[in-house]
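**Q** Let me begin by handing over the structure; questions about it come next.
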Amino acid sequence: MTGVEVAFGLLGVVAVGSAVLVVTTTRIVHAALWLVLTLGALAGCYLLLMAEFVAWVQVLIYVGAVVVLLLFAVMLTRAPTGPSAELTGRNRWVALVVAVATAGVLLGALSAGWSQAKIDLDSDATGGVEAGDALFRTWVLPFEALSLLLLAALVGAITLSRQDTTGSDTRTGSDRT
């Protein structure tokens, strides 16, 4: 085993472990922070797979924007940040069985699909077309639209969180008449 394979395995264990903690913790802020660790570990896996662009998109879009929006939503709704018995349902064991069954199906499909597959990294499988060309030609408009949507949501969340909810006068002394 090479060092890259060991690092990939460790990042995979961190990603799976922190993903389990995302769904099992009773504190919503802790769940968001575990989600940051999960998405960061996935970005590390992408880096080890030589997909640097995808890794940075993972960090910027998911870790940077989605988790920040999630935390803003928690702050804006004034949801309880401590342990909450309402978040733990009676169907916890049913959910666990469904999750394990889904993971088994996914692992079975992956192992069946990749058992005989070989990826030849030495040949030019793209037919002379750069891998990034499809992203920058075909998918550039949806990618930019998504970035604008996330930016608008972030600005809206900041604006809503900065509004005075008590109704008191927030003007400075020089603004008052």
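**Q** Looking at the range 54-79, I want the residues that are within 18 Å of Pro142 (Cβ to Cβ) and of a type in the set (Ser, Thr, Tyr) and have a partner that is at pLDDT 85 or above and crowded, with 17+ Cβ neighbours inside 10 Å with Cβ atoms under 8 Å, at least 6 apart or on another chain. Which pairs are those?
**A** Tyr62/Leu39
**Q** Within the range 1-59, can you find the residues that are within 20 Å of Phe72 (Cα to Cα), more than 13 Å from the chain's Cα centre (by Cα), surrounded by 13 or more Cβ atoms within 10 Å (Cβ to Cβ) and of a type in the set (A, V, I, L, M)?
**A** Ile28, Val29 - these are the residues of the range 1-59 that are within 20 Å of Phe72 (Cα to Cα), more than 13 Å from the chain's Cα centre (by Cα), surrounded by 13 or more Cβ atoms within 10 Å (Cβ to Cβ) and of a type in the set (A, V, I, L, M).
**Q** For the range 60-86, name all the residues that are at pLDDT below 75 and either among the acidic types (Asp, Glu) or crowded, with 18+ Cβ neighbours inside 10 Å (or both).
**A** Matches in the range 60-86: Glu86 only.
**Q** Return the residue satisfying two criteria in turn: it lies in the range 1-23 and is closer than 23 Å to Gly64 by Cα and β-branched (Val, Ile, Thr), and of such residues it is modelled with the lowest pLDDT.
**A** Val23
The values are calculated or read from the model by the stated rules, or taken from the named source; none is laboratory data. For clarity, every value in this text was computed on a predicted model and none was experimentally measured. Glycine also receives a Cβ, built like all others from the backbone with ideal geometry; neighbour counts cover every protein chain displayed.
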